[in-house]
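Quick notes on the structure that follows.
The values are calculated or read from the model by the stated rules, or taken from the named source; none is laboratory data. A quick note: this is a predicted structure, and the numbers were derived from the prediction, not measured. As a convention, Cβ positions derive from the backbone with ideal geometry for all residues, glycine included, and neighbour counts pool all protein chains shown. Remember, those area values only see protein heavy atoms, side chains included, never the ligands or the DNA or RNA. Shrake-Rupley method; radii C 1.70, N 1.55, O 1.52, S 1.80 Å.
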Amino acid sequence: MPWKLTPLLLFLGWMISVCSARTRTDLLNVCMDAKHHKAEPGPEDKLHNQCTPWKKNACCSARVSQELHKDTSSLYNFTWDHCGKMEPACQRHFIQDNCLYECSPNLGPWIQEVNQKWRKERFLNVPLCKEDCQIWWEDCRTSYTCKSNWHRGWDWTSGSNKCPNGTTCRTFETYFPTPAALCEGLWSHSYKLSNYSRGSGRCIQMWFDPALGNPNEEVARFYALALTAEARPQGIRPLLLCLALMLSLWLHD
């Protein structure tokens, strides 16, 4: 009987060790399946201005990075100036938000499939560092907008986004009374205000110094590992049940 058990036990031990060591590498260093994203991340030495932190490894091209800095980009025909000229201090945050969206290869743990004409994937509830959200809100509170959700509901009859009928241009603070209201509500919960601070390794930084490396790589690894740990018991259980049944049958042979 022992000679029958040896191969099965060896195989069982090997499978458990493999499953225990495996991480969700499919969540790391990836680009979304969206309108202007590259299929795979890679070096882009000519990224423009605020997008340059991602030049060593980017999901965006140089052309896309240049378009992101325009008041009305040809990428989506979206204008920040739908309620008059947006203040430069505010606009820089939206440019940085766009650079993160288009260029970052470190958002894999939050990518979700969507059924939209212009993209097949989006990110959802990315934990944005609290300082990045707070400063974004403070720099934009006196600029003007007419909507609390910029993801949908615009009047596109002119070819670019205009305020829909029945809306009124008011300060950002009116539509977004708190930093969380801005960061979470603006793009239909693409971001979630994190309780963690920049440099903690637990939240995504919109702003970082590329000379010190990309801190979002560590953050993506942490959350990818957490997702792996959550999924692992469900993934291994059917295998163990099957092997247990095989072992039982062998014992009764």
Inset, instruction - Mind checking the full-extension length gain between residue 79 and residue 125? Use 0.36 nm per residue of separation minus the Cα-Cα distance, one decimal, nm. - result: 14.1 nm
Inset, instruction - With a point put 7 Å past each Cα toward its Cβ, work out how far residue 229 is from residue 49 in nm, to one decimal. - result: 4.2 nm
Legend entry - Å² of accessible area per residue within segment 77-184, as computed with a 1.4 Å probe and no ligands counted: 45 Å²
Legend entry - Net charge over other residues, Cβ less than 15 angstrom from the Cβ of residue 122 (K, R count +1; D, E count -1): 0
Legend entry - Listed residue (34, 89, 103) projecting farthest to the positive dipole end of segment 18-174, Cβ model: 34
Legend entry - Label point distance in nm, residue 39-residue 87, each placed 7 Å from Cα along Cα→Cβ: 4.5 nm
Legend entry - Computed over segment 15-125: relative contact order in percent, which uses C-alpha pairs under 8 Å that are six or more apart: 31 percent
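Computed from the mean reciprocal separation of all distinct C-alpha pairs, what Kirkwood hydrodynamic radius does segment 126-211 have, in Å?
Computed over Cα pairs of segment 126-211, the Kirkwood hydrodynamic radius comes out at 14.0 Å.
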Inset, instruction - Could you check the simple spin-label distance between residue 155 and residue 202, using points 7 Å along Cα→Cβ, in nm with one decimal? - result: 4.6 nm
Inset, instruction - Give the long-range amide H neighbours of residue 79: residues separated by 5 or more places, or on another chain, with amide H under 5 Å away, using H modelled in the peptide plane at 1.01 Å from N. - result: 161
